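Worksheet: the structure to be examined is printed underneath.
Read the figures in this text as sums done on the coordinates, not as results from a lab. Computed from a predicted model, the values in this text were never measured in an experiment. Every residue, glycine as well, gets a Cβ built from its backbone with ideal geometry; the counts of neighbours run over all protein chains shown.
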Ligand code: SF4
Ligand code: SF4
């Protein structure tokens, strides 16, 4: 009885991608510079520098929108 109650209270509290909510996202070299993530970011943390898309870790609120929209899964939390 006690075991059943205990197990029922265990929940997966991690996000859909298993990431840490506090950690800013980074864009990997898989990026094909399509620009979709920059348009999606609610805090305008993504910009193009040197032809590559980069995330400002100071701005990123780790919402995951960029990872969700990216066709090649380039943004991720380290
Ligand atoms: S995780 Fe959210 S806030 Fe951070 S760069 Fe991606 S879209 Fe912007
Ligand atoms: S959506 Fe993905 S591939 Fe497109 S610019 Fe952003 S990180 Fe690069």
Practice problem: Within 10 Å of each residue's Cβ, count the other Cβ atoms and sort 40, 58 from fewest upward. | Solution: 58, 40
Exercise. Take each of the peptides 44-50, 24-30, average the number of other beta-carbon atoms within 10 Å over its residues, and list them starting from the highest.
Key: 24-30, 44-50
Quiz item: Which ordering of 62, 33 is given by a fewest-first count of other beta-carbon atoms within 10 Å?
Solution: 33, 62
